[in-house]
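Engineer: Have a look at this one before I ask anything.
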Amino acid sequence: MSKKEKTSGTKVKTNSRASNGKSRVSNAKNKTKTTGKGKKKAATKTSKTTAKKRRASVVADMTTKQLHEFVSNHNWDFGNAPMRKASQSPKCDLGTALLIYWLIDPTYYFAEYSERSEVPRDLQGWWDFLVDIEQRVAEGFYKTKKYLFDPADYEGDDITYVEGKLKRPIPKEMYGPLYSGPRPRPPKVTRTQIKGMTSGELHEFVSRHVRDDGIHLFYAVLGHPELDAGTALAIYWQSDPHYFDAYRSLSDVPAEDRPSYSLMMKAEKLLVRDAFKSRNMAYDPANDNGIDWTRDEYHDPKRRTIPQQLFKRLLPAE
């Protein structure tokens, strides 16, 4: 989301959700939900800090429509300052505010903590951000309701889902007027089921699978004898190689991101060797359900190069 995380069932780019210190291995749904990518090198902070200030200042002059479009496409790598400005704008629509709220991932915080004093210091700003939006909604701060938003159907994903009980309840009004209750969760796929899939079913699985269920299943796909080149290319780009090109090797990668890095490198080796029986599954890394994975939004020093042939879209029998 911005490039979407491939986060759960839907694809959301790892930086489309709030990068708040939690590591949820994403696929772009990282909605891979990958929220929180480990700390980057200090050299990259100056350019990002400048960009954050610039984006935050621009928000103040946006119309209601522009605010909603901006929030919908925000890259959370630029921080939460622009989103705070948007949520505090008198032109912000209720639906826009609810979108910001749910992209921060309140179910994580309120399932882990019952009050602010329990929250780690480096995450308290996110807690305060959530509470501020709740208060504004309760006080009727958001005057328009043009952009309706259902958190149970965000790009096909129910982002209200939480395992177990919340320690702090989410106010009813934060679910929005369209909310009709949580969606049933589809059963998780197993390795045994992966083994019995055809090449088309493998591609469909990669297109829709929630990596929260286990990155090991993607390793199983890459090892499947019926793996198609297009499916491997999808796994590669949904692992977000532009994030990883800031690292020379596995040992340089933050520990929480190493499984995704290893998966990406396995896919890369297969693609470079062209080790596939078929090339029947179409995949365009520049237009993955509207996500352009080939666009580098990180602006970090590059320590490894993405093979040029992997930028090319793959069409059947091409």
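The values are calculated or read from the model by the stated rules, or taken from the named source; none is laboratory data. This is a predicted model, so every value here is computed, not measured. In this analysis, Cβ positions are derived from the backbone assuming ideal geometry, glycine residues included, and neighbour counts consider all displayed protein chains. To get the accessible areas, we keep the full protein, side chains included, count just its heavy atoms, and leave off ligands, DNA and RNA. Shrake-Rupley method; radii C 1.70, N 1.55, O 1.52, S 1.80 Å.
Engineer: In Å, what Kirkwood hydrodynamic radius results for region 67-198 from the alpha-carbon pair distances?
Structural biologist: With all distinct Cα pairs of region 67-198 included, I get 16.1 Å.
Engineer: What are the semi-axes of the equivalent ellipsoid of region 157-204, taken as the square roots of 5 times the eigenvalues of the Cα gyration tensor, listed largest first and rounded to whole Å?
Structural biologist: In descending order, the three semi-axes are 34, 14, 7 Å.
Engineer: At Glu256 and Asp296, where each label point lies 7 Å from the Cα along Cα→Cβ, what is the point-to-point distance in nanometres?
Structural biologist: 2.5 nm
Engineer: Note down the magnitude of the dipole of region 129-219 about its Cα centre, charges +1 on Lys and Arg C-beta and -1 on Asp and Glu C-beta and zero elsewhere, to the nearest 20 debye.
Structural biologist: Using only the charged Cβ atoms, the result is roughly 180 debye.
Engineer: Another question about this same structure. Report the rotationally averaged projected area of region 192-318 based on its alpha-carbon convex hull, in square nanometres.
Structural biologist: Numbers: hull surface 30.5 nm².
Computed as one quarter of the Cα hull surface, the answer is 7.6 nm².
Engineer: Another question, if that's okay. Could you please state how large a percent of the accessible area of region 165-305 is carbon and sulfur, counting protein chains only and using a 1.4 Å probe?
Structural biologist: In region 165-305, the share of accessible area belonging to carbon and sulfur is 52 percent.
Engineer: Let me ask another. Accessible area per residue, 1.4 Å probe, Å², for region 216-263: what's the number? All intermediate terms of the calculation are to be shown ahead of the outcome.
Structural biologist: Numbers: 1290 Å² over 48 residues.
About 27 Å² of surface per residue is accessible.
Engineer: Enumerate the calculated ³J(HN,Hα) couplings along region 188-198 in order (Karplus 6.51 cos²θ - 1.76 cosθ + 1.60, θ = phi - 60°), each rounded to whole Hz, writing x wherever the residue is Gly or Pro.
Structural biologist: 6, 7, 10, 4, 4, 5, 4, 4, x, 7, 7
Engineer: Same structure, new question: Per residue, how big is the convex hull of region 254-314 when only Cα atoms are used? Give it in Å³.
Structural biologist: Taking the convex hull of the Cα positions in region 254-314, it is 117 Å³ per residue.
Engineer: Now for a separate question. Lysine pairs in region 163-315 with Cα distance under 23 Å, only those 8 or more apart or on different chains: how many are there?
Structural biologist: Total qualifying Lys-Lys pairs in region 163-315 comes to 12.
Engineer: Taking only C-alpha pairs under 8 Å that are 6+ residues apart, what is the relative contact order of region 262-314 in percent? Please list the in-between numbers first.
Structural biologist: Details: 28 pairs, mean separation 21.9, N = 53.
Once normalised by length, the contact order is 41 percent.
Engineer: So, in Å, what gap is there between the alpha-carbon centers of region 76-121 and region 240-318?
Structural biologist: 31 Å
Engineer: Continuing with the same structure: Going by the alpha-carbon gyration tensor, a ≥ b ≥ c the square roots of its eigenvalues, is region 220-288 rounded (a/c under 1.5) or, if a/c is not under 1.5, prolate (a/b greater than b/c) versus oblate?
Structural biologist: Here region 220-288 falls in the prolate category.
Engineer: Which residue, Gln309, His203, Ile291, has the largest displacement toward the positive end of the dipole of region 197-318 when charges sit on each Cβ (Lys, Arg +1; Asp, Glu -1)?
Structural biologist: Value: Gln309.
Engineer: May I pose another question? Do any GluC sites (Glu not before Pro) in region 92-134 lie in a loop, going by DSSP, with at most 13 other beta-carbon atoms within 10 Å of their beta carbon, and if so which?
Structural biologist: Filter output for region 92-134: Glu115.
Engineer: Another question, if that's okay. Under a 1.4 Å probe, what is the accessible area of region 98-150 per residue, stated in Å²?
Structural biologist: For region 98-150, the solvent-accessible area averages 47 Å² per residue.
Engineer: Right, something else. About the Cα centre of region 219-318, what is the dipole size in debye to 20, counting +1 per Lys and Arg Cβ and -1 per Asp and Glu Cβ, all else neutral?
Structural biologist: For region 219-318, the charge dipole is close to 420 debye.
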